[in-house]
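Notes follow the structure.
The values are calculated or read from the model by the stated rules, or taken from the named source; none is laboratory data. If you're wondering where the values come from, they're calculated on a predicted model, not measured in any experiment. When we count neighbours, we look across all protein chains shown, and the Cβ atoms used for this are built from the backbone with ideal geometry, even at glycine. The protein model used for the area step is the full one, side chains on, heavy atoms only, and it has no ligands, DNA or RNA in it. Shrake-Rupley method; radii C 1.70, N 1.55, O 1.52, S 1.80 Å.
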Amino acid sequence: GDSVTQMEGPVTLSEEAFLTINCTYTATGYPSLFWYVQYPGEGLQLLLKATKADDKGSNKGFEATYRKETTSFHLEKGSVQVSDSAVYFCALRGGGSQGNLIFGKGTKLSVKP
Amino acid sequence: DTGVSQNPRHKITKRGQNVTFRCDPISEHNRLYWYRQTLGQGPEFLTYFQNEAQLEKSRLLSDRFSAERPKGSFSTLEIQRTEQGDSAMYLCASSLMRRSGGDTDTQYFGPGTRLTVL
């Protein structure tokens, strides 16, 4: 079945460092891909998405490109801030009529000043 | 637009008791989803509705779990005879699926109900 694998954390970076969180997927058809973020004590928030191959999603300085050839959707940010400390989840929505998301296990990011 | 709301935010119960959670989706959204999240894991799909119809249920949804969305607006998730393994965060999400298609895949999540079964 469909699945998402993302790099295990925790990831600890200094402020202004470059961030990459790897995400790869297995899916039949043409899934949509998402990154959600969960800040401490808060609910899941959509960070960015891409719905077809070679699309780039971006928001708040974060970017991810839908790479069909490598089945990847890696999250990147050029300069992280302390406020980016959170848990990041990669997810896919299958290409069929079913609507549910399939999530990775999450990667906890801690940014130190 | 006040977002997705869930009540209660926290529930502590004793094993064997029944519990019910409520989700109020974003008002114009016709799809509503339930997920379960345990510590250190990503959310896992339980079930979803389009309007009042329950279209899919995960194998995770044992017969002790039941969900309803009677008027196509709010939804309830009931767990009967709770077990300690039911302790988790229960998340609700909603989305708008338009008949014309287009960019309708985005699910918006509520804050969750944290269930602790003693």
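A compact table of results
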{"item": "Qualifying residue in the range A:17-24 (condition: of a type in the set (S, T, N, Q), within 11 Å of chain B (Cβ to nearest Cβ), part of a strand (DSSP E or B) and within 13 Å of the chain's Cα centre (by Cα))", "result": "no"}
{"item": "Qualifying residue in the range B:41-50 (condition: open to solvent by 30 Å² or more (accessible area, probe 1.4 Å) and out of contact with any Ser or Thr (no Cβ under 8 Å at 6 or more places or on another chain))", "result": "yes"}
{"item": "A:L92 vs. criteria in contact (Cβ under 8 Å) with a residue 40 or more places away in the chain, more than 14 Å from chain B (Cβ to nearest Cβ) and assigned to a strand (DSSP E or B)", "result": "no"}
{"item": "Those residues of the range A:81-104 which are at pLDDT 95 or above, surrounded by fewer than 21 Cβ atoms within 10 Å (Cβ to Cβ) and not small (G, A, S), in sequence order", "result": "A:Q81, A:V82, A:D84, A:V87"}
{"item": "Hits in the range A:70-113 - residues which are charged (D, E, K, R) and within 16 Å of the chain's Cα centre (by Cα)", "result": "A:E76, A:K77, A:D84, A:R93, A:K105, A:K108"}
{"item": "Residue match in the range B:63-71 (condition: hydroxyl-bearing (S, T, Y) and within 27 Å of A:E42 (Cβ to Cβ))", "result": "no"}
{"item": "Residue in the range A:12-24 that is open to solvent by 50 Å² or more (accessible area, probe 1.4 Å) and either closer than 26 Å to B:L32 by Cβ or modelled with pLDDT under 95 (or both) present", "result": "no"}
{"item": "Near pairs, Cβ below 7 angstrom, 6+ apart or cross-chain, from the range A:18-46 (acidic (D, E)) to any residue that is modelled with pLDDT of 95 or more and surrounded by 18 or more Cβ atoms within 10 Å (Cβ to Cβ)", "result": "none"}
{"item": "Single unsatisfied condition, A:E42 versus (1) farther than 19 Å from A:R93 by Cβ; (2) surrounded by 13 or more Cβ atoms within 10 Å (Cβ to Cβ)", "result": "(2)"}
{"item": "Hey, A:D55 out of contact with any Lys or Arg (no Cβ under 8 Å at 6 or more places or on another chain), of a type in the set (D, E) and surrounded by 13 or more Cβ atoms within 10 Å (Cβ to Cβ) or not", "result": "yes"}
{"item": "Exclusive hit being at pLDDT below 95 and away from chain A (no Cβ under 12 Å), set B:R69, B:R59, B:R99, B:R81", "result": "B:R99"}
